[in-house]
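Only one structure is covered here, and it is reproduced in the block below.
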Amino acid sequence: MASDRDSYANWCEPSSLKRGDLLEVSRTLFTHYGIYLGGEKVAHLMPDILPLLTDDQKLIREVVTNQRLVLGVICRMASIRVDSVEDFAYGAIVLVNHMDSVCKNPVLPGEEVARRAEKLVGSTEYSLLWNNCEHFVTHCRYGTAVSIQTDKFCEAVKTVIRDQRSVFVTAALGLAGIFWLGFGPSTTLPTVLIPFFLWMAG
């Protein structure tokens with residue numbers, strides 16, 4: 001863990017970061033993104049349930065825990081918030097402007113990027129596929145809200161749907177459910193409709 005902290009310090013020396021830089025950190029299942037605002041502060045979109053439960057800004061400003069994050073995703077609640085680079089990193093190594101080589105659009109001037117991020121600070125709706133942290137930073141830095149992670153996920157789902165074996169597996173599981181739970185609308189309709197839609201989508 002100490003080596004992660006050392007790497008974090010190397011990546012995030014204030015002198016090496018410029019206002020408008022796009023920062024990214026690896027999380028368990030995904031990559032999290034933010035925009036560097038200067039003064040060791042980062043704007044980033046975080047799912048968070050707490051603003052739905054309380055108006056206490058002191059509580060809300062605390063670092064978002066994994067439990068708050070997961071509940072925020074489920075309730076589709078988020079905020080674009082400003083945290084320290086250290087809190088944003090959450091113990092992970094920070095990469096700087098790594099997405100520039102992947103994104104097709106040109107990079108906007110750093111000051112404009114930071115101003116766009118600052119203007120959006122506050123509560124927002126959250127969608128894993130259509131409005132996540134990657135959409136926020138790409139809108140700010142490249143002028144177009146896209147999510148490469150979401151695109152890859154959707155491609156993987158399409159691959160599964162196009163594989164006709166998934167139709168047979170779903171149908172088999174549905175029939176097993178009918179035998180196990182009994183014949184009725186709650187078991188029969190999904191058994192017929194889900195394989196049908198998978199077949200049509202393929």
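Do we find that Y33 is at pLDDT below 85 and either in a helix (DSSP H, G or I) or surrounded by 13 or more Cβ atoms within 10 Å (Cβ to Cβ) (or both) in this structure? Considered against the rule, which asks whether it is at pLDDT below 85 and either in a helix (DSSP H, G or I) or surrounded by 13 or more Cβ atoms within 10 Å (Cβ to Cβ) (or both), Y33 comes out as no. At least 2 residues being open to solvent by 70 Å² or more (accessible area, probe 1.4 Å) is the threshold, and among the helices (runs of 4 or more DSSP H) wholly inside the range 49-103 those reaching it are 50-53, 57-61, 66-75.
The rows are residues; the columns are (1) part of a strand (DSSP E or B); (2) open to solvent by 40 Å² or more (accessible area, probe 1.4 Å); (3) at pLDDT 90 or above.
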{"position": "V107", "(1), (2), (3)": "no, yes, yes"}
{"position": "E112", "(1), (2), (3)": "no, yes, yes"}
{"position": "R116", "(1), (2), (3)": "no, yes, yes"}
{"position": "S123", "(1), (2), (3)": "yes, yes, no"}
{"position": "F136", "(1), (2), (3)": "no, no, yes"}
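A Cβ distance below 8 Å, combined with a sequence gap of six or more or placement on separate chains, defines the contacts here; from the range 138-155, residues that are of a type in the set (A, V, I, L, M) and outside any loop (DSSP other than H, G, I, E, B) reach residues that are open to solvent by 50 Å² or more (accessible area, probe 1.4 Å) and modelled with pLDDT under 90 in the pairs I148/V102.
The values are calculated or read from the model by the stated rules, or taken from the named source; none is laboratory data. None of the values given here were measured: they were computed from a predicted structure. Note: ideal-geometry Cβ built from the backbone for every residue, glycine included; neighbour counts use all protein chains shown. Quick note on the areas: whole protein, heavy atoms, side chains included, nothing else; ligands and nucleic acids left out. Shrake-Rupley method; radii C 1.70, N 1.55, O 1.52, S 1.80 Å.
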